[in-house]
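The values are calculated or read from the model by the stated rules, or taken from the named source; none is laboratory data. Computed from a prediction, not measured in an experiment: that's the story for all the values here. With ideal geometry, Cβ positions are generated from the backbone for all residues, glycine too; neighbour counts draw on all protein chains shown.
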Amino acid sequence: DHEARELARILDEARITPLFQPIVDAGCQGIFGYEALARGPSDSPLHSPLTLFDTARHTGRLVELDLLCRRLAIEAFARLGLPGRLFLNVMPTSLLEQDFREGLTRTFLDGVGLSPERVVIELTEHLPIHDYALMRQAVDHYRRMGFQVALDDLGAGYSSLRHWAELRPDFVKMDRHFVQDIDRDPGKGQFLGSLLEVSRSLGCRVIAEGIETAGEQRCLWSMNCTLMQGYLFARPAADPPRSLEPPVPV
Ligand code: G
Ligand code: G
Ligand code: MN
Ligand code: NA
């Protein structure tokens, strides 16, 4: 059908634009890194990554699309000379399949002279993990190569706490619904405070997503949660800022 043909054209012509959104470290008032977020061509019905990835899933081209997005993000990050770490969204299925077997992410990095120490693999929770032993093996394999691993969208997807306990990520990214209005909802604040304690005792760092207001930022800051991402700081962009104004004072 039409969308399948459109996807085929995008894949053949590598017509994906990687955008980058800063992750700030309010602790040292700097940019900690950037999350790469893919977009289809602006005039295409597959512009949004959600429709893009859905179409790929239904037509059996998910792993291929995921790898193309990753290669283009790595190339653009290096070409732009962005500072800090590169956070890459990775489908657990492609991590287990082609990439795991062939070490493609490593090959892409070697091609542009970036080291795996600069890269954090974000495991999305939109898909369930069926085989934890296998997933743990894959995660450990990437870690031995020098990559770090983040659990994405904690709280929004499938059995988050089990993923956290079994995969032992270096970072957990708190879904924006955990963070929204945190300065006005004491119950939410307590809940996040407890998760921050768990993460400290596991030696894992929390990244709060979807920060949109200075009130949310101040509240997180007061809880010693210093890694943040959201429209308050910057929207995803093809050529993102290399530095930002210092965060709102507490
Ligand atoms: O940028 P936006 O909020 O529209 O992204 C929507 C979803 O698409 C997010 O959940 C994000 O993880 C996913 N996504 C964006 N870019 C990529 C990518 O390059 N690879 C994968 N696997 N997912 C992506
Ligand atoms: O699922 P994942 O966390 O990878 O997706 C990140 C998505 O969140 C991207 O689509 C990005 O555009 C979006 N996003 C980033 N910052 C904000 C924000 O402050 N508010 C909202 N509503 N969305 C955001
Ligand atoms: Mn993500
Ligand atoms: Na996320």
* Asked: From 156, 150, which residue is assigned to a loop (DSSP other than H, G, I, E, B) and within 16 Å of ligand 3 (Cβ to nearest atom)?
  -> 156
* Considering only residues that are touching a residue at least 24 places away in the same chain (Cβ under 8 Å) and among the acidic types (Asp, Glu), look in the range 90-130 and name the one that is surrounded by the fewest Cβ atoms within 10 Å (Cβ to Cβ). => 117
* Structure fact -> Heads up, the strands (runs of 3 or more DSSP E) in the range 1-95 (entirely inside) with at least 1 residues that are at pLDDT below 95 and either more than 15 Å from ligand 3 (Cβ to nearest atom) or farther than 29 Å from residue 135 by Cβ (or both) are 17-25, 30-39
* To do: Give me a count of the residues in the range 159-178 that are modelled with pLDDT under 95, away from ligand 4 (no atom under 14 Å from the Cβ) and either outside any helix (DSSP H, G or I) or in contact with a Lys or Arg (Cβ under 7 Å, 6 or more places away or on another chain) (or both).
  => 4
* Index of the failed condition, residue 181 passing every other in (1) more than 14 Å from ligand 2 (Cβ to nearest atom); (2) modelled with pLDDT of 90 or more; (3) on the phi > 0 side of the Ramachandran plot -> (1)
* How many residues does the range 93-143 contain that are among the β-branched types (Val, Ile, Thr) and within 19 Å of residue 78 (Cα to Cα)? -> 6
* To do: Determine if the range 194-217 includes at least one residue that is at positive phi, outside any loop (DSSP other than H, G, I, E, B) and of a type outside the set (A, V, I, L, M, F, W, C).
  => no
* Restricting attention to the range 18-54, report how many residues are among the hydroxyl-bearing types (Ser, Thr, Tyr), surrounded by 14 or more Cβ atoms within 10 Å (Cβ to Cβ) and out of contact with any Leu (no Cβ under 8 Å at 6 or more places or on another chain). => 2
* Do we have residue 62 as without any contact (Cβ under 8 Å) to a residue 40 or more places away in the chain and within 13 Å of ligand 2 (Cβ to nearest atom) here? -> no
